[in-house]
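Let me begin by presenting the structure, written as structure tokens, before commenting on it.
The values are calculated or read from the model by the stated rules, or taken from the named source; none is laboratory data. Source: prediction; values computed, not measured. Here the Cβ is made from the backbone with ideal geometry for all residues, glycine too, and neighbour counts use every protein chain on show. Areas reflect the complete protein model, heavy atoms only, side chains present, ligands, DNA and RNA absent. Shrake-Rupley method; radii C 1.70, N 1.55, O 1.52, S 1.80 Å.
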Amino acid sequence: MQSHERMLGILDLFDSDENYVALTFDEIHARVGYTRSTLYRYLKALTDAGLLSSLPGLGYVLGSRIIELDYKIRSGDPLIRAARPVMDELASRFSGIALLCRKYREHVLCIHQERGTETLQSNYDRGRVRPLLLGAASVAILAYIPAYQLSRLYKRIPEEFDAAGFGKSLAEVKANLKVHRQQGWVVTTGEVTPGVAGIAAPVFDGEHDVLGSLSLTVRESQMTPDKVQRIAEQVVLCARIISNSVAQN
């Protein structure tokens, strides 16, 4: 790797486990294997840029610059701005939690949430990364990723596709995902948060490539086939509104 890639790779240490909030110099050194002098130089550069902060007795934590950038994302991201009004209406109408997710590498990242009730909890908070195979918000994206990306992902983790119920071969996986595409939406129950159901539809960019997904989390005990269908129709409509807005920007 180039030196800048090695330096920025240090930030991935804080992304590898949600428990890695603070890391000492020695912990970072043990994980990356760089010389101590090189690591000191990288950490100084990251600290000067505000991407890391050094706290006596704790070590290094993510820096204030990231918080500043997060505010700018929340207030200015075209996808979030397009989605916020329809998400608020969707969550309020069905007393659920509307989630906006974006494809992130080979994962799915929740980037915005609107609550229509305080009696329901979701484990899919903003900033949390989930696998592409778990939950409606993820599967709604997985069903539309390019064939070469799907093949590459399957070759790396075929057993996880099987465990998630997508099939024991790539052909079976493609057939199952085709069903989701033909339906236009995905429903799952209890895969991310026990006792709740998720109903999701894909969101596309101006080139009609899948950008993310819109989903609604509702209490599983309140779901009937008719209600699932009604919610799904509204989720699909709202996702289409968001996609059209993004395409026009």
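Do you know which residues across the stretch 193-249 are without any contact (Cβ under 8 Å) to a residue 60 or more places away in the chain, among the polar types (S, T, N, Q) and not in a helix (DSSP H, G or I)?
Thr224
State all residues of the stretch 116-127 that are buried (at least 17 other Cβ atoms within 10 Å of the Cβ) and either in a strand (DSSP E or B) or among the charged types (D, E, K, R) (or both); if no residue qualifies, say none. Spell out the reasoning first.
Here is the first cut: in the stretch 116-127, the ones buried (at least 17 other Cβ atoms within 10 Å of the Cβ) are 116, 120, 122, 124.
Answer for the stretch 116-127, where residues must be buried (at least 17 other Cβ atoms within 10 Å of the Cβ) and either in a strand (DSSP E or B) or among the charged types (D, E, K, R) (or both): there is none.
Could you tell me whether the stretch 141-162 includes any residue that is touching a His at 6+ places or on another chain (Cβ under 9 Å), assigned to a helix (DSSP H, G or I) and either under 23 Å from Leu90 (Cβ atoms) or not small (Gly, Ala, Ser) (or both)?
Checked against the condition, which is being touching a His at 6+ places or on another chain (Cβ under 9 Å), assigned to a helix (DSSP H, G or I) and either under 23 Å from Leu90 (Cβ atoms) or not small (Gly, Ala, Ser) (or both), the stretch 141-162 yields at least one hit.
Report yes if Leu43 is of a type outside the set (Ser, Thr, Tyr), surrounded by 14 or more Cβ atoms within 10 Å (Cβ to Cβ) and touching a strand residue (DSSP E or B) at 6+ places or on another chain (Cβ under 8 Å), otherwise no. Spell out how you get there, then give the answer.
Details: of a type outside the set (Ser, Thr, Tyr): yes; surrounded by 14 or more Cβ atoms within 10 Å (Cβ to Cβ): yes; touching a strand residue (DSSP E or B) at 6+ places or on another chain (Cβ under 8 Å): yes.
Answer is yes for this residue.
Could you give me the residue pairs with C-beta distances under 7 Å whose first residue belongs to the stretch 100-114 and is under 15 Å from Asp70 (Cα atoms), whose second residue is of a type in the set (Phe, Trp, Tyr) and assigned to a loop (DSSP other than H, G, I, E, B) wherever it lies, and which are 6+ apart or on separate chains?
Cβ pairs passing all conditions: Cys110/Tyr124.
Quick one: how many residues across the stretch 57-74 are assigned to a loop (DSSP other than H, G, I, E, B) and touching a residue at least 12 places away in the same chain (Cβ under 8 Å)?
Initially, the stretch 57-74 is screened for residues assigned to a loop (DSSP other than H, G, I, E, B), giving 57-58, 63.
With the extra rule that they be touching a residue at least 12 places away in the same chain (Cβ under 8 Å), the set shrinks to 58, 63.
Qualifying residue count, the stretch 57-74: 2.
Can you name every residue in the stretch 11-24 that is touching a Gly at 6+ places or on another chain (Cβ under 7 Å) and either among the aliphatic types (A, V, I, L, M) or in a helix (DSSP H, G or I) (or both)?
From the stretch 11-24, those touching a Gly at 6+ places or on another chain (Cβ under 7 Å) are 22-24; that's our starting set.
The answer is Ala22, Leu23.
Go through (1) closer than 18 Å to Gly135 by Cα; (2) touching a Lys or Arg at 6+ places or on another chain (Cβ under 8 Å) and name the single condition Arg219 misses.
(2)
Could you grab the pairs with beta carbons closer than 9 Å, sequence gap of 6+ or different chains, first residue in the stretch 75-87 and within 25 Å of Ala232 (Cβ to Cβ), second one among the basic types (Lys, Arg)?
Leu79/Arg102; Ile80/Arg74
Consider Asn176 carefully, then state whether it is touching a residue at least 40 places away in the same chain (Cβ under 8 Å) and open to solvent by 50 Å² or more (accessible area, probe 1.4 Å). Let's see the steps before the verdict.
Numbers: touching a residue at least 40 places away in the same chain (Cβ under 8 Å): no; open to solvent by 50 Å² or more (accessible area, probe 1.4 Å): yes.
For Asn176, the condition - touching a residue at least 40 places away in the same chain (Cβ under 8 Å) and open to solvent by 50 Å² or more (accessible area, probe 1.4 Å) - is not met.
Could you list all residues from the stretch 203-216 that are open to solvent by 10 Å² or more (accessible area, probe 1.4 Å) and touching a strand residue (DSSP E or B) at 6+ places or on another chain (Cβ under 7 Å)?
Pass one, the stretch 203-216, residues open to solvent by 10 Å² or more (accessible area, probe 1.4 Å): 204-211.
Scanning the stretch 203-216 gives Phe204, Asp205, Val210, Leu211.
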